[in-house]
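> Below is the structure I would like to discuss, written out as structure tokens.
The values are calculated or read from the model by the stated rules, or taken from the named source; none is laboratory data. Every value quoted in this text rests on a predicted model; they were computed, and no experiment measured them. When we count neighbours, we look across all protein chains shown, and the Cβ atoms used for this are built from the backbone with ideal geometry, even at glycine.
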Amino acid sequence: MRKYVLKRLAIAAATLLAILLVLFLMLELMPGSPFNDEKITAAQRALLNAKYGLDQPVFVRFLHYIGAMLTGDFGVSYVIQKNMPISTMLGGRLPVSMQIGLQAVVLGTAIGLVLGIVAALRRNSFADSFTTFISVIGVSFPSYVFALGLSYYFGSKLKWFPILYTADKPVVSSILPTVALSMFTVATVARFARSEMIDVLGSDYLLLSESKGVGRQRLIYVHALRNALIPIITVLAPLVVGLMTGSLVIEQIFSIPGIGSLLVTAIQVNDYNVILAVTFVYSVMFIAIMLAVDILYGVIDPRIRLAKGDHHV
């Protein structure tokens, strides 16, 4: 298991390096620069490029950026907040996005699992039809549609929750965006949990266990659910990254000061360092979660570890 994890870590590091290189090249080919102000003369623009090292070859800048990044230095903002360290900007925004995203992941996964399991155990019943309806609605409508509906009804009309996010009330003001973000997760998890549970409950080895006298609850929650979790985790992994780093539109609707809205602003004003830093954060989280999923596979089903040649675990 240790050898496998180390190998995956090496692959993850190489992948991150490749992502940063591609981003550097893409930003180099983009039209414009961080200093597009019409009031700036060509001489002043040249001085600014020299000050920030933008007049150097792209690969030289790339190597300098990698070296600084390894020490936690993502550079400074060129436009959004001039000369402010980007690590400081991320430090204030990333926890907000992660808090709301984590809440949405937990809420969506919990509700989706319950709905999917109940629907599988009570096929062709009202519970099954209700789960199917929720799955269709959750997948069909974008999260911003739920956000607008929730903010109008529960925020504006009933006034149960604040419409806009406020740092003074981080929990209460995060309820509406959390629910809006979680709807797609609820629908996806419920649909896959129902499908996988039905397949597992009808499998030969489960019927054999039942014939040997294994209790109904143990049969469902230990044997069936454990085997059904593997494909659910696979589907859930990429969703977790998007939710924990914040939805771009949801953050705009509720005025959430997260990294999603920061990325949108950075793209609009060509703040290259901010774009690179936020994209790097997305990439790190995605790769880390996929690595965690691979390890969870081995924990849930030891046969996966054996298939990968780890005979000592």
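> Considering only residues of region 236-273 that are outside any helix (DSSP H, G or I) and polar (S, T, N, Q), which is modelled with the lowest pLDDT?
Top of the filtered list is Thr245.
> Hey, another quick one. For region 69-83, how many residues meet the condition of being more than 18 Å from Ala50 (Cα to Cα) and without any contact (Cβ under 8 Å) to a residue 12 or more places away in the chain?
3
> Follow-up question, since we're still on this one. I want to confirm something. Restricting to region 89-147 and keeping residues that are outside any helix (DSSP H, G or I) and of a type outside the set (Phe, Trp, Tyr), which single residue is surrounded by the fewest Cβ atoms within 10 Å (Cβ to Cβ)?
In this case the residue turns out to be Asn124.
> Follow-up. Suppose we filter Phe141, Phe130 for residues that are assigned by TED's automatic domain parsing to the domain that holds Pro231, farther than 18 Å from Ile232 by Cβ, modelled with pLDDT of 85 or more and not aliphatic (A, V, I, L, M); which single one remains?
None of the other options fit; the residue is Phe130.
> Output yes when any residue across region 57-64 is of a type in the set (Val, Ile, Thr), free of Cβ contacts under 8 Å to residues at least 40 places away in the same chain and surrounded by 13 or more Cβ atoms within 10 Å (Cβ to Cβ), and no when none is.
Yes, there is a match, as at least one residue in region 57-64 is of a type in the set (Val, Ile, Thr), free of Cβ contacts under 8 Å to residues at least 40 places away in the same chain and surrounded by 13 or more Cβ atoms within 10 Å (Cβ to Cβ).
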